[in-house]
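The values are calculated or read from the model by the stated rules, or taken from the named source; none is laboratory data. Note that the structure is a prediction, hence the values are computed from the model and not measured. Reconstructed Cβ throughout: ideal geometry from the backbone, glycine too, with neighbour counts over all protein chains shown. The area values use the complete protein model at the heavy-atom level, side chains included, leaving out ligands, DNA and RNA. Shrake-Rupley method; radii C 1.70, N 1.55, O 1.52, S 1.80 Å.
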Amino acid sequence: MADTWSIGKHTFTSRLLVGTGKFPDFPTMQRAHLASGAEVVTVAVRRLDLAAKGEASLLEWIPKHMTLLPNTAACFTAGEAIRTARLGRELGMGDLVKLEVIGDPRTLFPDVVGLVEAARVLVKEGFTVLPYTNDDPVTARRLEDAGCAAIMPLGAPIGSGLGIRNPYNLRIIMEAASVPVLVDAGVGTASDAAIALELGAVAVLMNSAIAGARDPVMMAAAMRDAVTAGRQAFLAGRIPMKLHAAASSPMSGLIGS
């Protein structure tokens, strides 16, 4: 059976979500998207050139099988985020929205008060809301209570490439949540993506780690494989960690002994 996961009315097989920013050109972006195996791609609504047509438009280069996840990047208030989400829907980008309300321009950490406020409004308007948030279990609970369809805690600051900085908080969020938890932001390389899935994340979203790589297409393929490996390791169940050694070929318990 396929190992699928769902958000709202949407069901996916790939557990890797990708972005559209920072690529050297649109053809490279398209090749990377195809190599990633991803089924969901996030697009910053406020950064779209609505006047661009044909091959000059970013949207023309997104593979047709991919589901658009419009995001409210560069919004610093709840009001801005709400208006941007509405614009994305008016442009025909669907009901999904990656909700961002940024609280600090230097770190790009979220404004959690504004985030919860915007989430409540958009949920009431029928959006399927995926909020980008910090790795705080209390904020995660409040977002779930607000009706968000998923929780997207950061692994590290956006674009930092630092990897998973606080796996313990992420585990607490995952254990408490009754909605999917996706790790968003901070992934730098394939091992970071694998760790996110090994922790129990339903999926991982990334942009800079692929777009900023020396070879974005090759990195996209590496991320695809890492996410698959991390998910399989999570399902298989790792051995317990021990302070001391345990022989891999013990003399006791042998058949016939």
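Straight-line reach from K64: taking Cα to Cα under 21 Å and skipping same-chain neighbours fewer than 8 places apart, the lysines in range are K9, K22, K53, K98.
Pairs of Cα atoms nearer than 8 Å and 6+ residues apart set the relative contact order; for the chain it is 18 percent.
The separation of the range 123-142 from the range 1-80, counted between C-alpha centres, amounts to 20 Å.
Residues of the range 93-134 with an amide N closer than 17 Å to a point placed 7 Å from the Cα of T77 along the Cα-to-Cβ direction: 100-105, 111-119, 121-122.
Over the range 99-165, what is the relative contact order in percent, taking alpha-carbon pairs closer than 8 angstrom and at least six residues apart? Please list the in-between numbers first.
Numbers: 101 pairs, mean separation 19.1, N = 67.
In percent, rounded to a whole number, it is 29.
Which of the helices in the chain meet the span-like rule: DSSP H, Cα axial reach of 20 Å or more, Kyte-Doolittle mean at least 0.0?
Working: long enough: 216-236 (30 Å, 0.70).
Passing helices, by number: 216-236.
Using +1 on the beta carbon of Lys and Arg, -1 on that of Asp and Glu, and nothing else charged, what's the dipole of the chain about the Cα centre, debye to 20?
Working: 24 positive and 24 negative charges, 33 e Å.
Computed charge dipole of the chain: roughly 160 debye.
For the set R141, R231, solvent exposure ranked by accessible area (probe 1.4 Å, protein chains only) runs largest to smallest as R141, R231.
Given a 1.4 angstrom probe, I'd like the percentage of the accessible area of the range 163-257 that is carbon and sulfur, rounded to a whole number. Let's see the in-between values first.
On the way: 3270 of 5530 Å².
Within the range 163-257, the accessible surface is 59 percent carbon and sulfur.
Placing a label point 7 Å from the Cα of A229 along the Cα-to-Cβ direction, the residues of the range 1-30 with a backbone N closer than 19 Å are 14-17. Under a Gaussian network description of the chain, with springs only between Cα atoms under 10 Å, the residue in A32, A222, A52 that fluctuates furthest is A52. For the range 128-189, the relative contact order comes to 39 percent (Cα pairs under 8 Å, sequence separation of at least 6).
You can think of it this way: the chain between R171 and A2 has 58.4 nm of extra reach, that is 0.36 nm per residue less the Cα-Cα gap.
Of the residues R46, R214, the one with the largest accessible area comes first in the ranking R214, R46, computed with a 1.4 Å probe on protein heavy atoms. With every protein chain in place and a 1.4 angstrom probe, the accessible-area ranking of W5, W61, largest first, reads W61, W5.
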